[in-house]
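**Q** Dropping the structure in here first, questions after.
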Amino acid sequence: DYLHKSQIINETNLNKFDFIKEKLKEIYKKSNISFKMIYDARKNGEKSLTFHLLCDHHKKTLVLVGTQTDRIFGGFANKKWNSLDLGRKIDEKSFLFSIDKQKIYNPKKQKYHLYCSEKEGPSFYGFSLENNFLENGGSCDSIDKCNYDSFEKDYELNDGEQKFLVKQLEIYQILFHD
């Protein structure tokens, strides 16, 4: 099960996804990985409540964002999302990524990496998605606000633009097999 249900990653850009698999193998020292889709915004709806109903309490999730301008980026959260445990979280195994730039952004030590709120979809300190995100979109953090390394310019995940409109959002639970 390798993202075969994805509307963001397809046959033409599937090989661009390999660097994320390699990063996960490096973190967990496991070579057999699969991706189980637990949330699809087009199918399940775009409200943050639905995101939390389907994704809360899942550890090791990959958030994949496809924008209206055809940018593809996302983040990996090792810790579980939890709308009842509000606030900032440190997750040093988390990372952000840009499929377009083929780049991983590692977390800075002793900084916050995730934000949980019942009023938002998945939120990293790097980008966040509003409620009704297919309609309202999301925004990227600038360098000085970002708690991840390797950003070379403001709003780098979205090619220099702060705001973005979401074409598709998918969330996968990462499963490791022996």
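The values are calculated or read from the model by the stated rules, or taken from the named source; none is laboratory data. Please read these numbers as outputs of a predicted model, since none were measured by experiment. When we count neighbours, we look across all protein chains shown, and the Cβ atoms used for this are built from the backbone with ideal geometry, even at glycine. Surface areas here come from the heavy atoms of the whole protein model, side chains and all, with no ligands, DNA or RNA. Shrake-Rupley method; radii C 1.70, N 1.55, O 1.52, S 1.80 Å.
**Q** Scan the range 141-178 residue by residue and report those that are part of a loop (DSSP other than H, G, I, E, B), out of contact with any Gly (no Cβ under 6 Å at 6 or more places or on another chain) and of a type in the set (Asp, Glu).
**A** Passing the criteria: 149, 152, 154, 159, 161, 178.
**Q** Let me spell it out: the conditions are (1) open to solvent by 90 Å² or more (accessible area, probe 1.4 Å); (2) among the aliphatic types (A, V, I, L, M); (3) under 15 Å from residue 133 (Cα atoms), and residue 41 meets all of them except one. Which number is the exception?
**A** (1)
**Q** Being closer than 23 Å to residue 56 by Cα, modelled with pLDDT under 80 and surrounded by 23 or more Cβ atoms within 10 Å (Cβ to Cβ) is the filter here, so list the residues in the range 130-146 that pass it.
**A** 133
**Q** Could you please tell me which pairs satisfy a Cβ distance under 8 Å, a separation of 6+ or placement on different chains, a first residue in the range 47-66 that is without any contact (Cβ under 8 Å) to a residue 12 or more places away in the chain, and a second residue that is of a type outside the set (D, E, K, R)?
**A** Close Cβ pairs satisfying both conditions: 50/39; 50/44.
**Q** Would you check which residues across the range 112-122 are part of a strand (DSSP E or B) and either closer than 12 Å to residue 41 by Cβ or modelled with pLDDT under 80 (or both) and list them?
**A** Correct list: 116 only.
**Q** Continuing with the same structure: Output the residues belonging to the range 65-105 that are among the aliphatic types (A, V, I, L, M) and over 22 Å from residue 118 (Cβ atoms).
**A** Hits for the range 65-105 are 72, 96, 99, 104.
**Q** Of all residues in the range 92-116, which are open to solvent by less than 70 Å² (accessible area, probe 1.4 Å), touching a residue at least 40 places away in the same chain (Cβ under 8 Å) and of a type outside the set (D, E, K, R)?
**A** 95, 96, 97, 98, 99, 104, 105, 106, 107
One line per residue, one yes/no per condition, for (1) modelled with pLDDT of 90 or more; (2) hydrophobic (A, V, I, L, M, F, W, C):
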site	(1), (2)
59	yes, no
64	yes, yes
77	yes, yes
86	no, yes
90	no, yes
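**Q** Any residue in the range 1-28 that is at positive phi sitting within a Cβ distance under 7 Å of a residue that is assigned to a loop (DSSP other than H, G, I, E, B) and at pLDDT 85 or above? List the pairs, counting only those 6 or more apart or interchain.
**A** The qualifying pairs are 3/9.
**Q** Also, I was wondering about something else. Residues being open to solvent by 50 Å² or more (accessible area, probe 1.4 Å) and more than 11 Å from residue 93 (Cα to Cα): count how many of those fall in the range 60-80.
**A** Of the residues in the range 60-80, 5 are open to solvent by 50 Å² or more (accessible area, probe 1.4 Å) and more than 11 Å from residue 93 (Cα to Cα).
**Q** Determine if the range 14-29 includes at least one residue that is farther than 18 Å from residue 116 by Cβ, part of a loop (DSSP other than H, G, I, E, B) and within 17 Å of the chain's Cα centre (by Cα).
**A** no
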